[in-house]
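Asker: Sharing a structure here in structure tokens format.
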Amino acid sequence: MPAAKKNGQQTVWFQNPPVIVATATIVGAKEGQGPLGHTFDKVVEDGYYGEKTWERGERRMLAEVMQTAVSRANLQPQNIDFLLAGDLLNQIISANFTARDLGIPFIGLYGACSTMYESMALGAMLIDGGYAENVLVGVSSHNSTAERQYRYPTEQGVQRPLHAQWTVTGAAAAVLSRQGTGPVITHATIGKVIDLGQGDPNDMGAAMAPAAADTMARHLADTARQPEYYDLFVTGDLGVYGRELALQLMRQKGYDISTRFNDCGVMIFSPEQDAHAGGSGCACSGVVTCGYLLQEVRAGRLKRFFGLGTGALLSPVSTMQGETVPGIAHGVVIEGR
Amino acid sequence: MKDDQPLEIQKKQYKQMVDGVRPRPALARNVFRAFVVGGLIALIGQFLINFYQGRGLPLTEAGAAASATLVFLAALLTGLGIYDEIARFAGAGSIVPITGFANSMVAPAMEYRGEGLVLGVGARLFTIAGPVLVFGIVTAWAAALLYYFFR
């Protein structure tokens, strides 16, 4: 017998759609200069954010957005049942160390850059399952901490390929609640890990596009909806070329979403900012969703969208050993209420 | 691409799709920039050699002094956060000359300062330059061996 709140193969629906009651975002200087700069709560000019290392700076951003989101929801940390968070650093130290200071029961997540949507999907399940009243979700990434872990030292003089992306510096957090006012999460589609053999660690858009297309098509099939049902499909960080690949893959699956498809990585930087294919990182989908997208929903300009976090599940070790890059995409449906 | 096809065929078709979408690097432009900037660095080197020779150093020592000066300048520019901006423009033009080597030593040194002097800077100083040294030394050794037997 299929589960009571499951639609089709990979989609769950929420009987009482959890409410996104509060959000908070912080970004770095480059993101602040981008086209969405005005939609973020705070722009931090100093990459260290007053700390001794970049890692500590990233952590401070994450802690700050979490505290802001909780206080905007008029809650105290002790009112939060679970904290779901993750980041890109080895052993997710940003999330772990932030949780150490917050004192909220913590579930650490790693979905690479898909973590924001992974955490929203799981948080909504916890709430609608009756296991939580309030869940705090959050992610962070930092260009300098990610570059040094995955690629080169930051001051190393290298010319990046045109399809490379720029890890977004920033942090985003959201409070999901069983009741309250704000946009709601009605469905979540959990993605499968998909690998079509792309091995270039610089081209994560190409590695993730098949996963994004698979989750989008699966969601539409599971819910028996047409693409027109949504105002927008928005992926996390496919970048310019990954977005194009996802569009082509969707067309092959029989769906034309070209008029209603965007990508947070494409939206966050303008072409003049020399970010090449666009932004990436946990914070990319995090800050664009918790900033611009949810503001549009609250203002009524966007009624319903299917957002996807897209993750490239590589590690520096797997790349060195010549493995290909598996991708994953988790999606949630967010509606204005 | 149909989902019911074998994965290997899907992979092949997807590779074609990716190759069609992926942007081509502006090869002519990159080569030109590399040529100009690399040449400019060489020109500065020649200027420095002439300068040191003019102050009375013999040619080999003037060359060494010029190299040291270039290494110092590259290290300084790396520390100021300028060298990676030059490299973004110049590509191979700023990687190949001696200044690129200096950059590849100073960048990790700065990067891993947070992990301490010994296990941070000390252990990681050669992460980029290390392979160059290893294979440079191996090649020199092989060349010397050939020279010894076949001269």
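The values are calculated or read from the model by the stated rules, or taken from the named source; none is laboratory data. These figures come from a predicted structure and were not determined experimentally. Every residue, glycine as well, gets a Cβ built from its backbone with ideal geometry; the counts of neighbours run over all protein chains shown.
Asker: Could you grab me the full set of residues in region A:22-71 that are among the small types (Gly, Ala, Ser) and within 14 Å of chain B (Cβ to nearest Cβ)?
Answerer: Listed by number, the residues that qualify are A:ALA29, A:GLY47, A:GLY57.
Asker: Moving on to the next point. Tally time: how many residues in region A:154-173 are surrounded by fewer than 24 Cβ atoms within 10 Å (Cβ to Cβ), free of Cβ contacts under 8 Å to residues at least 24 places away in the same chain and touching an Asp or Glu at 6+ places or on another chain (Cβ under 8 Å)?
Answerer: 2
Asker: Same structure again: Of the residues that make up region B:81-91, is at least one in a loop (DSSP other than H, G, I, E, B), over 19 Å from the mean Cα position of the chain (by Cα) and not hydroxyl-bearing (Ser, Thr, Tyr)?
Answerer: Within region B:81-91, not a single residue is in a loop (DSSP other than H, G, I, E, B), over 19 Å from the mean Cα position of the chain (by Cα) and not hydroxyl-bearing (Ser, Thr, Tyr).
Asker: Picking from A:THR310, A:THR289, which residue would you name as being out of contact with any helix residue (DSSP H, G or I) (no Cβ under 6 Å at 6 or more places or on another chain) and crowded, with 24+ Cβ neighbours inside 10 Å?
Answerer: Answer to the check: A:THR289.
Asker: Looking at A:THR310, A:THR319 in this structure, which one is under 19 Å from A:TYR150 (Cβ atoms), part of a helix (DSSP H, G or I) and not small (Gly, Ala, Ser)?
Answerer: Criteria check complete, one pass: A:THR319.
Asker: Here is a check on your reading of the model: is B:VAL31 buried (at least 16 other Cβ atoms within 10 Å of the Cβ) and either in contact (Cβ under 8 Å) with a residue 60 or more places away in the chain or among the hydrophobic types (A, V, I, L, M, F, W, C) (or both)?
Answerer: no
Asker: Filter region B:98-135 for residues that are aromatic (Phe, Trp, Tyr) and either under 21 Å from B:ALA42 (Cα atoms) or at pLDDT 90 or above (or both) and give the result.
Answerer: The answer is B:PHE101, B:PHE135.
Asker: Output the residues belonging to region B:93-111 that are assigned to a helix (DSSP H, G or I) and either among the basic types (Lys, Arg) or more than 8 Å from chain A (Cβ to nearest Cβ) (or both).
Answerer: Of everything in region B:93-111, those that are assigned to a helix (DSSP H, G or I) and either among the basic types (Lys, Arg) or more than 8 Å from chain A (Cβ to nearest Cβ) (or both) turn out to be B:GLY93, B:ILE98, B:THR99, B:PHE101, B:ALA102, B:MET105, B:ALA109.
Asker: For the condition surrounded by fewer than 17 Cβ atoms within 10 Å (Cβ to Cβ), more than 18 Å from A:SER141 (Cα to Cα) and touching a strand residue (DSSP E or B) at 6+ places or on another chain (Cβ under 8 Å), what is the one hit in A:ARG260, A:ARG243?
Answerer: It is A:ARG260.
Residue-by-condition table, conditions (1) within 29 Å of A:ALA24 (Cα to Cα); (2) part of a loop (DSSP other than H, G, I, E, B):
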position: A:VAL240; (1), (2): yes, no
position: A:ARG243; (1), (2): yes, no
position: A:GLN248; (1), (2): no, no
position: A:ASP256; (1), (2): no, yes
position: A:ASN262; (1), (2): yes, no
position: A:MET267; (1), (2): yes, no
position: A:GLU272; (1), (2): yes, no
position: A:ALA275; (1), (2): yes, yes
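Table: residues versus (1) in contact with a strand residue (DSSP E or B) (Cβ under 7 Å, 6 or more places away or on another chain); (2) of a type in the set (Phe, Trp, Tyr); (3) over 23 Å from A:SER315 (Cβ atoms).
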{"site": "A:ALA174", "(1), (2), (3)": "yes, no, yes"}
{"site": "A:VAL184", "(1), (2), (3)": "yes, no, yes"}
{"site": "A:THR189", "(1), (2), (3)": "yes, no, yes"}
{"site": "A:ASP200", "(1), (2), (3)": "no, no, no"}
{"site": "A:ALA207", "(1), (2), (3)": "yes, no, no"}
{"site": "A:THR223", "(1), (2), (3)": "yes, no, yes"}
{"site": "A:GLU228", "(1), (2), (3)": "no, no, yes"}
{"site": "A:LEU232", "(1), (2), (3)": "yes, no, yes"}
{"site": "A:GLY236", "(1), (2), (3)": "yes, no, no"}
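Asker: Can you tell me which residue is farthest from B:TYR83 (Cα to Cα) among those in region B:11-67 that are within 13 Å of chain A (Cβ to nearest Cβ) and not in a helix (DSSP H, G or I)?
Answerer: B:ARG22
Asker: Here's another thing I want to ask about it. Hey, any hits in region A:78-101 for a residue that's touching a residue at least 40 places away in the same chain (Cβ under 8 Å), out of contact with any Gly (no Cβ under 9 Å at 6 or more places or on another chain) and of a type in the set (S, T, N, Q)?
Answerer: yes
Asker: What's the number of the condition B:PHE72 fails, among (1) surrounded by 13 or more Cβ atoms within 10 Å (Cβ to Cβ); (2) closer than 27 Å to A:THR154 by Cβ?
Answerer: (1)
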